[in-house]
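The structure appears below as structure tokens.
The values are calculated or read from the model by the stated rules, or taken from the named source; none is laboratory data. If you're wondering where the values come from, they're calculated on a predicted model, not measured in any experiment. So basically every Cβ, Gly included, is an ideal-geometry build from the backbone, and we count neighbours across all protein chains shown. SASA here: full protein model, heavy atoms, side chains in, ligands and nucleic acids out. Shrake-Rupley method; radii C 1.70, N 1.55, O 1.52, S 1.80 Å.
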Amino acid sequence: MRSPVPGQSPEGEKVSDSTPLLQGAPQAEAAPVCCSARYNLAVLAFFGFFILYALRVNLSVALVDMVDSNTTLANNRTSKECAEHSASMKVIHNHTGKRYKWDAETQGWILGSFFYGYIITQIPGGYVASKVGGKLLLGFGILGTAVFTLFTPIAADIGVGALIALRALEGLGEGVTFPAMHAMWSSWAPPLERSKLLSISYAGAQLGTVISLPLSGIICVYMDWTYVFYLFGIVGIIWFVLWIWLVSNTPETHKTISHQEKEYILSSLKNQLSSQKSVPWIPMLKSLPLWAIVVAHFSYNWTFYTLLTLLPTYMKEILRFNVQENGILSAVPYFGCWLCMLMSGQAADHLRAKWNFSTVCVRKFFSLIGMIGPAVFLVAAGFIGCDYSLAVAFLTISTTLGGFCSSGFSINHLDIAPSTLLGNGKLFSGSLLLLMYLVPFSSHSSVKVKCKTGPLMITMDTETEGTNK
């Protein structure tokens, strides 16, 4: 499964796509995994992205409880398409939280405003990471989002404009997180452990979705929706303290890393250094592999973020689950995706290190499964009508298979971006990542999603509660 001419690039340079390390270069003995600094970083990053996505998606569930149901029903002409099926709840739903008369269009602006802030800090995030380091940028990005989350109930009381502005500010904070984390991994991840380390850290995003969606529903039922924002905001602040205390930007500055592990990481990355001292923007823009990853990111993120934001609304308006069931069932697809991300990361590195599969072959294979599989089951979900079990099953399988992409194109920019002497590779690899994330989030505007329920086709505005025939 190697390239047609092993060890040769089109230009005749001696390289090997079975491992990013230069052929014949001396390699330090692999450092143990248990209690290692690099895996401790992966675990802390895991919880950081857990909180990041919990802060991002909690509004999707809370908004169902924040809006006066009479306002939604007035504009909803699909409420009779699927029969009411939820069992009566054993506890009385707490209705002490204030309700707002926000129509479908207003709710769409509230949910979508996060991404307008999110896109702005993508490119600057990569540059700042190269100057101040990913540790501070990621830490303060999540801290800022957590603090703004605490003020969500106050902003909602002030008015729609204040809430939209607050969510956009949260997006600004979260926009720097992925670039900052990639900048850190450019200094911390040995090439043959790259899939495992990045999959572990980014899998926290899926688990954050899995936990926050049902937990938000439970909080809305037993307490009220305001506590959804207070709880997750406080947890984010606690994580920030641990992150600043325990993490370092590079192995050289880490206080407790073993000498063996430091030498292992530095020697494996040293052989990747390029003499390039500036970011080659023009060659990057002309790079076909780069644009292939851009297209892959666009396609995957379009579906992923549409579902991430809209799934609770679909569960309520189309399948008609109550708020508690809504949160639980909306989380099931992301639990499958989380498990798939963890296993695919292990499998990808195993195929490269033990079975000598080429890196390009592994990336293509995992991307193929992670793109075609979700597309097939997502399309199938549009033709099952009001079959609740099949709807949840198809959405779960679709989102689960998407987890293979975490070891496919999602890591490929680090494969094709050699570290430079400028900022130890932070700016170069970070810039590649940002270029790929720019397109998907610029597309996160008002698309239409068609949901087929029975004989009728229902068109639902993305990120809104309202639906129309």
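Report, by residue number, each residue of segment 322-338 that is at pLDDT below 80 and part of a helix (DSSP H, G or I).
Val323, Gln324, Glu325, Asn326, Gly327
I'd like to know if segment 68-81 contains one or more residues that are at pLDDT 75 or above and either open to solvent by less than 10 Å² (accessible area, probe 1.4 Å) or in contact with an Asp or Glu (Cβ under 8 Å, 6 or more places away or on another chain) (or both).
No, segment 68-81 contains no residue that is at pLDDT 75 or above and either open to solvent by less than 10 Å² (accessible area, probe 1.4 Å) or in contact with an Asp or Glu (Cβ under 8 Å, 6 or more places away or on another chain) (or both).
Which residues, taken from segment 186-214, are among the hydrophobic types (A, V, I, L, M, F, W, C) and either closer than 24 Å to Gly327 by Cα or in a helix (DSSP H, G or I) (or both)?
Of everything in segment 186-214, those that are among the hydrophobic types (A, V, I, L, M, F, W, C) and either closer than 24 Å to Gly327 by Cα or in a helix (DSSP H, G or I) (or both) turn out to be Trp188, Leu192, Leu197, Leu198, Ile200, Ala203, Ala205, Leu207, Val210, Ile211, Leu213.
Confirm whether Ala183 is under 15 Å from the mean Cα position of the chain (by Cα) and assigned to a helix (DSSP H, G or I).
no
I'd like to verify a number: residues in segment 293-305 that are open to solvent by 20 Å² or more (accessible area, probe 1.4 Å) and either β-branched (Val, Ile, Thr) or without any contact (Cβ under 8 Å) to a residue 40 or more places away in the chain (or both), how many?
2
Confirm whether Leu368 is hydrophobic (A, V, I, L, M, F, W, C), open to solvent by less than 30 Å² (accessible area, probe 1.4 Å), at pLDDT 90 or above and under 21 Å from the mean Cα position of the chain (by Cα).
no
Of the conditions (1) assigned to a loop (DSSP other than H, G, I, E, B); (2) open to solvent by 10 Å² or more (accessible area, probe 1.4 Å); (3) out of contact with any Asp or Glu (no Cβ under 7 Å at 6 or more places or on another chain), Leu319 clears all except one; give me its number.
The number of the failed condition is (2).
Only residues in segment 188-212 that are more than 20 Å from Glu252 (Cβ to Cβ) count as the first member; pair them with residues that are hydrophobic (A, V, I, L, M, F, W, C) and outside any helix (DSSP H, G or I), Cβ under 8 angstrom, at least 6 apart or cross-chain, and list the lot.
Every condition considered, the pairs that remain are Leu192/Leu21; Leu198/Ala189.
How many residues, within segment 407-422, are modelled with pLDDT of 85 or more and either not hydrophobic (A, V, I, L, M, F, W, C) or not in a helix (DSSP H, G or I) (or both)?
Selection size over segment 407-422: 2.
Return a yes/no flag: does segment 172-194 have any residue that is within 18 Å of Gln122 (Cα to Cα), out of contact with any Asp or Glu (no Cβ under 6 Å at 6 or more places or on another chain) and either open to solvent by 40 Å² or more (accessible area, probe 1.4 Å) or at pLDDT 95 or above (or both).
Yes, segment 172-194 contains a residue that is within 18 Å of Gln122 (Cα to Cα), out of contact with any Asp or Glu (no Cβ under 6 Å at 6 or more places or on another chain) and either open to solvent by 40 Å² or more (accessible area, probe 1.4 Å) or at pLDDT 95 or above (or both).
Test Thr359 against the criterion of being β-branched (Val, Ile, Thr) and buried (at least 20 other Cβ atoms within 10 Å of the Cβ), and give yes or no.
yes
What tally of residues in segment 385-402 results from selecting those that are in contact with a helix residue (DSSP H, G or I) (Cβ under 7 Å, 6 or more places away or on another chain) and either open to solvent by 30 Å² or more (accessible area, probe 1.4 Å) or modelled with pLDDT of 90 or more (or both)?
Within segment 385-402, residues that are in contact with a helix residue (DSSP H, G or I) (Cβ under 7 Å, 6 or more places away or on another chain) and either open to solvent by 30 Å² or more (accessible area, probe 1.4 Å) or modelled with pLDDT of 90 or more (or both) number 9.
Quick check: is even one residue across segment 118-136 closer than 18 Å to Thr152 by Cβ and at pLDDT 85 or above?
Among the residues of segment 118-136, at least one is closer than 18 Å to Thr152 by Cβ and at pLDDT 85 or above, which makes the answer yes.
Just to verify a result, which residue in segment 195-214, among those that are open to solvent by 10 Å² or more (accessible area, probe 1.4 Å) and within 13 Å of Ile51 (Cα to Cα), is modelled with the lowest pLDDT?
Here the answer is Gln206.
Pick from segment 232-252 the residues that are surrounded by fewer than 18 Cβ atoms within 10 Å (Cβ to Cβ) and either touching a Lys or Arg at 6+ places or on another chain (Cβ under 9 Å) or not β-branched (Val, Ile, Thr) (or both): which of them is nearest to Gly48 (Cα to Cα)?
Leu242
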